[in-house]
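Written below as C-alpha cells is the structure these notes are about.
None of the figures in this text is laboratory data; all of them are computed from the coordinates on show. Treat the numbers as computed from the prediction; the structure is a model and nothing was measured. Cβ sites come from the backbone with ideal geometry, for glycine too, and all protein chains shown count toward neighbours.
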Amino acid sequence: MELKFPKKALVTGAAGFLGSHLCRRLLEDGYEVTALDNLFTGTKNNIISLFDNKRFSFVLHDVTQPFWGQFDEIYNLACPASPIHYQHNPVETIKSSVLGIMNMLDLALKTKAKILHTSTSEVYGDPLVHPQVEKYWGNVNTIGVRSCYDEGKRCAETFAADYRREYGVDARMVRIFNTYGPNMHPKDGRVISNFIMQALSGEDITLFGDGLQTRSFQYCDDLIEALRRYMELPRGAIDAFCERHSLGAPVINTGNPGEYTIKELAEETLRQIPGSASKLVYRPIPSDDPKRRKPDISLAKELLGWEPKVHLKEGLAKTIEYFKTLVR
Ligand code: NAD
Ligand code: UDP
C-alpha cells in the first residue's frame, strides 16, 4: 500500500525474529519504517528482503544509548529473548531492557510518539496463579540466572507505567507468551527451534527435567496482528479500558492458551518429521525454569477483538518448512 504521507514507525530489535515480521507487516500497511538493531542476536538476513523497499531503512544502534528521530509510533522490541542468549551477557541484557525503555520513552516524550513496549510472560516468573492474568504480580527470583531478563522486563514495565502517569506518554505494553515461527535463530536454544533442528539433523531431542513442564505456544503472525491492533487504538479507548479494569497501566497478555507439556511438543515435532532418527533424551532442568505457563487472554480479546488463529500443529508445520531451508 503506497500512501502519500506515510506514518513513520521506529522498530527496535528489528533484525530479530519478531522485529523482522513486524517490519514486514508495517511496510505492507504503508508505513515508513526505521529498523534499529545492534545485531546482538538478530541478523540482517532476517530483513534483507526489505532493503529494496524505499520506505525501509536500517540503523545500527544500541538502545542503551539515546536515539533521536521523529516518529509517529515506536515499537520497542530490542532485548535478547532466549535463555542462552540473555544469560550469555546478563549485564547487557538488563541494560537493554532498562536503559533501552528509558531512552525510547524519552524519545516518545519529546516527539509525542505512541510507544508499544514488548514485555514478557517471564514477569510472572514461576507462577503460583494459573492461567496467568495481568493482575497477578508474579513469583520471580531477583538474583537467579533468569533474573537479568525477568527483572529487567519488570523494571521496564514500571518505567513505562510511570512515564505514562507522570509525563503523559502514550505507552502501551504487551506481555508476550512463548512465540515461534520462521526467522527464529536456529541456535538460540529455545525449545521449538531446538527440537526442530535436532529432529531435522537426527540428533537426540533434549528434554529438560521430566519434560512435564508446560508452555503455550503462539505463532508469530498472531502476535503481530495483536501488536498492530493495539497500536491502532486511540488513547481514549485505552484509558477507558484501564479504568474499567482498574489497571494501573495498559498491559495485556498475548499468547495462545493451548497448553502442552514439553514432551508433547517433542512428540508432535517427531510426528511432523517422520523420517527423523532422533530419540528423546532427558537432561537436567535449568534453574528457575517455570513449571507451568498459560495466558489468560480475556483482556486482549476484549480490547483488541483479537484471538490467536494458528493452531500449534499448523504453526509447527510452517516453522519446520523454514528450518528445512537452513539445513539443506
Ligand atoms: P530476538 O533475540 O530474535 O530479537 C531481539 C533483537 O533485539 C535482536 O535482533 C537483537 O540483536 C536486538 N537487540 C538486543 N539487544 C539490543 C540492544 N541493546 N540494542 C539494539 N538491539 C538489541 O528475540 P525475539 O523473540 O524477536 O524477541 C523480541 C522481543 O519480544 C524481546 O524484547 C523479547 O523479550 C520479547 N518477547 C519475545 C518472546 C518470544 O517468545 N519470542 C516472548 C516474550 C517476549
Ligand atoms: N526446553 C527443553 N529442551 C530444550 C530447550 C528447552 O526441554 O532443548 C524446555 C525448557 O526447560 C523450558 C521450555 O522448554 O521448560 C521452554 O523453553 P524456552 O527456552 O523455549 O522458553 P522459556 O523457558 O523462556 O519459556
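A few points about this structure:
- Largest-first principal axis extents, alpha carbons of the range 1-112, Å: 44, 32, 17
- Pair-distance distribution of the range 229-287: all C-alpha pairs, bin width 5 Å, starting at 0; shares per bin in whole percent are 4, 12, 15, 12, 9, 8, 8, 10, 12, 7, 3, 0.
- Farthest toward the positive end of the dipole of the range 182-328, out of Asn183, Leu280, Gly211, is the Cα of Leu280, where the dipole comes from beta carbon charges about the Cα centre.
- Size of the chain: Rg and Dmax of its alpha carbons, in Å, are 19.1, 58.
- Rounded to the nearest 20 debye, the dipole size of the chain about its Cα centre is 300 debye, using +1 on the Cβ of Lys and Arg and -1 on the Cβ of Asp and Glu.
- Within the range 182-324, the proportion of Cα pairs with more than 21 Å between them is 51 percent.
- Percent breakdown of C-alpha pair distances by 5 Å bin, ordered from the shortest bin, for the range 84-169: 3, 15, 23, 21, 17, 13, 7, 1, 0
- Sequentially through the range 34-44, phi angles give Karplus couplings (6.51, -1.76, 1.60; θ = phi - 60°) of 9, 9, 10, 6, 9, 6, 5, 10, x, 9, 5 Hz, Gly and Pro residues having no value and appearing as x.
- The chain - mean residue ellipticity at 222 nm from DSSP helices (-39,500 (n - 2.57) per run, n ≥ 4, rounded to 500): -12500 deg cm²/dmol
- Taking the centroid of alpha carbons for each part, the range 95-139 and the range 1-28 are 21 Å apart.
- Highest average first, the peptides 139-146, 105-112 ordered by how many other beta carbon atoms sit within 10 Å of their residues are 105-112, 139-146.
- In summary, the convex hull built on the alpha carbon positions of the range 287-327 has an orientation-averaged projected area of 5.3 nm².
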